[in-house]
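Engineer: Take this structure first; my questions come after.
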Amino acid sequence: MRFTYHPLPHRVIFGAGAISQVGEEVRRIGARALVLSTPEQRSDAEGLAAAIGGSAVGLFTEAVMHVPVATVDAAMAHARVLGADCTVAIGGGSTIGLAKALSLRLDLPSLAIPTTYAGSEVTPIWGLTEAGIKTTGRDSKVLPKAVIYDPDLTLSLPVGMSIASGLNAIAHAMEGLYAVDGNPIVSLMAEESIRALVHSLPIIKQDPANAEARSEALYGCWLAGSVLGAASVALHHKLCHTLGGAFDMPHAQTHTAVLPHAIAYNAPAVPEEMKRASRALGGGNPATRLYDLASGLGAEMSLARLGMPRDGVAKAARLAVANPYPNPRQITEEGIARLLDRALEGLPPLLG
Ligand code: NAD
């Protein structure tokens, strides 16, 4: 066995009601916090600022998907005027992405309070979008200093978004199992993450207010994010990134529809890892199992119905092979086009 493992330094506070610790957690990282959210979660941000008290100096509630540079510029100007020395981000990957951009450009440390299952809060990955092009990178200074996981805050996440976001998290874990720089700890986290999410998502679908299932899903999402933070991604994530950029597709939903196909494509090259995935998924062929799980939970499995143009397959396949990256199986334009043809129509994955 040979591997490299580089644990990331951050603090995690997990549990129902953990949000009550926000004041003391903020004071560990700064004295003048700027609270961030999307416009939809403005009232959450206001409540949070009130709970933080004197250490909260203002709000910026204009976070949007994919971290546009114009939004970052506006948030930076606001942070400077207020003399903020840290940020508190409440929301999903979009809001946490804005906090990361402020860490990158202004060196402001952040406290993240995730309310979706995206997992960004425990990764050193940042993204910025300018003129329609999203640039991403890794930098340890964007990793939030602390994360408060309070499952009560996910109770309001609509069922459809919970399912898509949960499957987005499963995608991080699946690719961690065969990552070129994976290691035994990453695989343990990945397997446990998949198990927790596969168990909790069907319960959430039936009973969105089930506190135990919400807690288990958030735990699975923490592990999935930790996998994403510690290991490289491959075909699945690169393909979703390509589709998102080329056709402006919804993030978590695109992950959901592509995942079974990307796993079916890579499976022949990683039989041992697929045994592990099968175990975590409760048995069976992992690609088929992921397709049945997602469609059984009512997720949209057709990329066309998610906004991909029907004549977009050739362009996406061409883009997908343009910048080579490590993947367990060789990536060919024809192979990707075949995979996308099926995902476009929402058909089950092609095995073998
Ligand atoms: P999001 O943050 O865009 O949130 C979607 C919508 O749901 C927003 O309007 C948000 O305010 C709302 N919302 C969030 N939590 C809610 C709740 N509990 N109740 C009601 N509404 C709620 O969605 P996302 O899927 O979490 O994040 C997607 C973005 O995150 C993408 O840009 C993606 O690239 C990025 N991402 C980054 C990383 C990373 O490591 N850098 C990892 C995963 C995702």
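The values are calculated or read from the model by the stated rules, or taken from the named source; none is laboratory data. The model shown is predicted, which means the values in this text are computed figures rather than measured ones. Here Cβ is always computed from backbone atoms with ideal geometry, including for glycine, and neighbour counts include all displayed protein chains. Heavy atoms of the whole protein, side chains included, go into the accessibility calculation; ligands, DNA and RNA do not. Shrake-Rupley method; radii C 1.70, N 1.55, O 1.52, S 1.80 Å.
Engineer: Just to verify a number: FRET efficiency for Ser278 and Arg42, C-beta to C-beta distance, R0 = 35 Å, to 0.05? Let's see the in-between values first.
Structural biologist: Working: r = 43 Å, r/R0 = 1.24.
The calculated FRET efficiency here is 0.20.
Engineer: Something else: Residues in region 1-20 near a label at Ala51, defined as backbone nitrogen under 19 Å from the 7 Å Cα→Cβ point?
Structural biologist: 11-20
Engineer: Using amide H atoms built 1.01 Å from N in the peptide plane, name the residues 5+ places from Ala56, or on other chains, whose amide H lies under 5 Å from its own.
Structural biologist: Close amide H contacts, sequence-distant or interchain: Ala33.
Engineer: Give the accessible area for Ser156 in Å² (nearest 10); use a 1.4 Å probe, count only protein heavy atoms, and leave out ligands, DNA and RNA.
Structural biologist: 100 Å²
Engineer: Now a separate question. From the phi of every residue in region 272-286, what ³J(HN,Hα) in whole Hz does the Karplus formula 6.51 cos²θ - 1.76 cosθ + 1.60 yield, where θ is phi - 60° and glycine or proline is x?
Structural biologist: Rounded to whole hertz, the list is 5, 5, 6, 4, 5, 4, 4, 4, 5, 8, x, x, x, 6, x.
Engineer: Restricting to Cα atoms and excluding each atom paired with itself, what does the Kirkwood estimate give for region 243-311 in Å?
Structural biologist: Every distinct Cα pair counted, the radius reaches 12.9 Å.
Engineer: Follow-up. Per the helix-only calculation at 222 nm, which mean residue ellipticity applies to the chain, given -39500 (n - 2.57) for every DSSP H run of n ≥ 4 and division by its residues, nearest 500 deg cm²/dmol?
Structural biologist: Mean residue ellipticity at 222 nm (helix-derived): -17000 deg cm²/dmol.
Engineer: Okay, next question. Which of rounded, prolate or oblate describes region 310-352 when judged by the alpha-carbon gyration tensor and an a/c cut-off of 1.5? Spell out each step's value before the answer.
Structural biologist: On the way: a/c = 2.77, a/b = 1.26, b/c = 2.20.
Oblate is the answer for region 310-352, as a/c is 1.5 or above yet b/c matches or exceeds a/b.
Engineer: Give the accessible area for His199 in Å² (nearest 10); use a 1.4 Å probe, count only protein heavy atoms, and leave out ligands, DNA and RNA.
Structural biologist: Accessible area, nearest 10 Å²: 100 Å².
Engineer: So, in nm, how far is label Leu188 from label Val270 when the simple model puts each one 7 Å beyond its Cα toward the Cβ?
Structural biologist: 1.9 nm
Engineer: I would also like to ask the following. Suppose every Lys and Arg Cβ carries +1 and every Asp and Glu Cβ carries -1, with no other charges. What dipole size does the chain come out with about its Cα centre, to the nearest 20 debye?
Structural biologist: 560 debye
Engineer: Once you wrap a convex hull around the alpha carbon atoms of region 159-345, what is its projected area averaged over all directions, in nm²?
Structural biologist: 9.3 nm²
Engineer: Quick one: of the DSSP bridges fully inside the chain, what percent are antiparallel, nearest 5?
Structural biologist: Working: 6 of 26 bridges.
Here the share of antiparallel DSSP bridges comes out near 25 percent.
Engineer: Could you check the spin-label model distance between Arg2 and Thr288? Points 7 Å from the Cα along Cα→Cβ, value in nm.
Structural biologist: 3.7 nm
Engineer: On the principal axes of its Cα set, how long, how wide and how thick is region 11-154? Give whole Å, largest value first.
Structural biologist: Principal extents (Cα only, largest first): 40, 32, 28 Å.
Engineer: Grab the Cα-Cα distance for Glu24 and Leu155, subtract it from 0.36 nm times how many residues apart they are, and report the gain in nm with one decimal.
Structural biologist: Values: separation 131, 0.36 × 131 = 47.16 nm, distance 2.39 nm.
Using 0.36 nm per residue and subtracting the Cα-Cα distance, I get 44.8 nm.
Engineer: I'd like the accessible area for Lys134, computed on protein heavy atoms only with a 1.4 Å probe and all protein chains in place. Round to 10 Å², please.
Structural biologist: Using a 1.4 Å probe on the heavy atoms, I get roughly 80 Å².
Engineer: Measuring from label point to label point, each 7 Å out along Cα→Cβ, what is the Leu104 to Val81 span in nm?
Structural biologist: 2.4 nm
Engineer: Would you please report the Å³ per residue occupied by the convex hull of the alpha carbon atoms in region 45-119?
Structural biologist: It comes to 81 Å³ per residue, whole-number rounded.
Engineer: How big is the antiparallel share of DSSP beta bridges in region 11-154, given as a percent to the nearest 5?
Structural biologist: 25 percent
Engineer: Also, I was wondering about something else. Taking region 180-269, how much of its Cα-Cα pair set, in percent, is spaced more than 22 angstrom apart?
Structural biologist: On the way: 1459 of 4005 pairs.
Beyond 22 Å sits 36 percent of the P(r) for region 180-269.
Engineer: Between Ala179 and residues 5 or more places away or on another chain, which pairs have amide H atoms under 5 Å apart, with H built 1.01 Å from N, and which residues are they?
Structural biologist: none
Engineer: Moving to a separate point now. Which three extents, in angstrom, do the Cα atoms of the chain have along their principal axes, listed largest first?
Structural biologist: For the chain, the Cα extents along the three principal axes come out at 59, 43, 42 Å.
Engineer: Can you give the three extents of the C-alpha atoms in region 272-328 along their principal axes, from longest to shortest, in whole Å?
Structural biologist: So the extents along the principal axes, rounded to whole Å, are 36, 31, 10.
Engineer: Where in region 53-78 is the amide nitrogen less than 11 Å from a point lying 7 Å along the Cα-to-Cβ axis of Lys134?
Structural biologist: 65-68
Engineer: In whole Hz, with x marking every Gly and Pro, tabulate ³J(HN,Hα) for region 176-189 from phi via Karplus 6.51 cos²θ - 1.76 cosθ + 1.60, θ = phi - 60°.
Structural biologist: With the stated coefficients, region 176-189 comes to x, 4, 10, 4, 4, 10, x, 7, x, 5, 4, 5, 4, 5 Hz.
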